[in-house]
Structure formats: structure tokens, C-alpha cells
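Take this structure, written in C-alpha cells, and hold onto it; I'll ask about it next.
The values are calculated or read from the model by the stated rules, or taken from the named source; none is laboratory data. Since this is a predicted model, take the numbers as computed values, not measurements. Because the Cβ atoms are built from the backbone with ideal geometry, glycine has one as well, and the counts that use them run over all protein chains shown. SASA here: full protein model, heavy atoms, side chains in, ligands and nucleic acids out. Shrake-Rupley method; radii C 1.70, N 1.55, O 1.52, S 1.80 Å.
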Amino acid sequence: MTSSIDKSLRLKKLKSSIKISSSKLKHIYIVYAASEIRLIDYINNMQNFIVTFSEFDIVYTNKKLFKDSKLLANLESFIDVFEEYSALEGTLSEKGNIASHMTRFESNTLFDFVDSVLAVNADYLFCDDLGNEFADFISIDNQKKVSFYHAKHASSQFSASDFQVVIGQALKNIGNMTPSTAQLEQKRTRWSSHYTGSGIEMMRKGDSVENGITSFTKTLNHPNTTNYIYIVVNYISKNRVLSELNELRKGGNTSAQTIQLFWLLSSFISTCRELGSQAHITCKP
């Protein structure tokens, strides 16, 4: 195992688990109100890391070794969740600069892409970024669908690490797709305000926050409502995904990044399926 950040980072195989060792992480602490723990101990206790192997269909995570003999076959259908947009090739950042005179996010940003392209036809669109957010954006198509948008910009290309960050954000908040009345009440004040340090209204589309929350509640309770989860990234190309998949089909050499990314993709889609949500990944062509 090699790391340009921590050259002391090592994997150790134990009798029934794998742990990480690092001289650097031993000196970093997570401090709670009444206790503290070394970061390396926290990582090894939680075991929420992924270890992939040269055998594509085997992975270690959460103290268990998994083998999915159908993974490659499933990836064929998973390709359909990737939706390509040429506009993402020109994005420069996640949200751009924020200034007091601004009434919309800068062009060539992922936030503006969601605002002006992905959710342009929504009945209501709220920016929920910062604080106790459910997602970066939430849109409602009245009594039809609720969509959560999680955006992540990076300068890397085809990065499993960056993909894991935004996937983690989406999975952490998936339960908030059915918020309680109290949770929605807490959003009322925030959605009636402006993005911090700017004139950008948090309600990006719709006639009023009051009606938007009412629509959100009615849509959640409608029997035919569909929940959508959008991962919005600039560092993944659908053509690259197809190329890497073809290499796997042929039994060719694939990078550890590719294997990790496909396992993350499989986990994300499987979780969405289990919870009755549709997964969508918007990316470059």
C-alpha cells in the first residue's frame, strides 16, 4: 500500500480482520466533550474503509470479506445511471465566489448547473447547503417526485477518493428524504433567507417557502411519488467508465482506483434500490 501523503501507512492482516497502521495518524486525535480517541484507533474500530484486491469481485469492508460474482454483470446495467452533460466539462468549482451583490451562483459552477440545468423544470428548488443540510439542493415536482442533489467538484480525474466523499454524503442523508414535520419546520427559516454573505435566495424556484413546504409534504405522502438522488460531479467521464468496464470484460489491467470506484458505485445503487430511490450520476461525456 502506497500513499504520497503518509509513507508510513500500512495494512496489517490479522486473524479475522484487517487494520491500518500509521505513525502519523497515531498523533492525530478526535476530541469529544468528555473524551478523546486517536484517529488511527477510530478508523480501526469503525472499520468503514474499503480494501480491494487484484480479484475484482472481492472486497473487504466493515470487518467482512465480500465476494460478488455478479458484480461485473451488474455493472453493465449500472452504466445507465450515468447521465452525461457537456456543460460539466467547463465547470471551474463547486459554487464559485460568493459576494454580497450576487443573486445567483456563478456560471461554470456545479451549483449553477443544478440551478439552471438539472432542476430547471422543478416546481420548487431549495438550496440547502451549509449547516444541517439534507443535500446541496432539494427539488420538488408537485406530487410526482422529490430530488436530492449532492455536488462535488475536484481537479482530479476518475478519483475513487473524491467519489467516496460525495457518495458518503448522499448515503448519510438518504433517510432525510422522508423528513419529519419538525425537521421541515426547522427548514422554513433557513429557506426564507439568503445564502450566507450574498443576495442569493435559498428558494431558487417556486412561489413561496410556505407553499414549497406544503408541496414537499404532499409529495412525500403521495402513493406514486418517486425519490431521486443525484450525484453531480465534474471528475468522472462516462466514456472513461465505459472504457474501464471494457478492460474488465477483457480481463485487462485496471487500476485500484477503478476497482474502488466500481465497488462504491455498486454499494450506492444497491442502497438506493433497497430504500426505493432512483440513483442518478451526472458527469462529463
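Any idea which residue in the range 142-152 is modelled with the lowest pLDDT, counting only those that are part of a loop (DSSP other than H, G, I, E, B) and under 18 Å from residue 276 (Cβ atoms)?
To start, the set of residues in the range 142-152 that are part of a loop (DSSP other than H, G, I, E, B) comprises 142-144.
Then drop every residue that is not under 18 Å from residue 276 (Cβ atoms), which leaves 143-144.
Values: 143: 88, 144: 92.
The selected residue is 143.
Scan the range 12-31 residue by residue and report those that are assigned to a strand (DSSP E or B) and open to solvent by less than 30 Å² (accessible area, probe 1.4 Å).
Across the range 12-31, the qualifying residues are 18, 20, 21.
Just a yes or no: is a residue in the range 51-62 under 24 Å from the mean Cα position of the chain (by Cα), of a type outside the set (Phe, Trp, Tyr) and open to solvent by 60 Å² or more (accessible area, probe 1.4 Å)?
Yes: one or more hits.
Taking the range 154-169 only, how many residues are more than 10 Å from the chain's Cα centre (by Cα) and open to solvent by less than 40 Å² (accessible area, probe 1.4 Å)?
The number of residues fulfilling the criteria is 5.
Please count how many residues of the range 112-151 are open to solvent by 10 Å² or more (accessible area, probe 1.4 Å), of a type in the set (A, V, I, L, M, F, W, C) and in contact with a Phe, Trp or Tyr (Cβ under 6 Å, 6 or more places away or on another chain).
Number satisfying all stated conditions: 0.
Follow-up question, since we're still on this one. Among the helices (runs of 4 or more DSSP H) contained in the range 32-141, which hold 3 or more residues that are under 30 Å from residue 196 (Cβ atoms)? Working first, answer last.
Values: elements: 39-46, 71-78, 110-113.
Fully inside the range 32-141 and qualifying: 110-113.
Here's something else I'd like to know. Looking at (1) open to solvent by 70 Å² or more (accessible area, probe 1.4 Å); (2) over 25 Å from residue 273 (Cβ atoms); (3) modelled with pLDDT of 85 or more, which one does residue 102 not meet, given that it meets all the others?
It fails just one condition, (1).
Moving to a separate point now. Among 209, 233, which is the only one that is in contact with a strand residue (DSSP E or B) (Cβ under 7 Å, 6 or more places away or on another chain) and either under 30 Å from residue 48 (Cα atoms) or of a type in the set (Phe, Trp, Tyr) (or both)?
Details: 209 fails: either under 30 Å from residue 48 (Cα atoms) or of a type in the set (Phe, Trp, Tyr) (or both).
Sole residue among the options that is in contact with a strand residue (DSSP E or B) (Cβ under 7 Å, 6 or more places away or on another chain) and either under 30 Å from residue 48 (Cα atoms) or of a type in the set (Phe, Trp, Tyr) (or both): 233.
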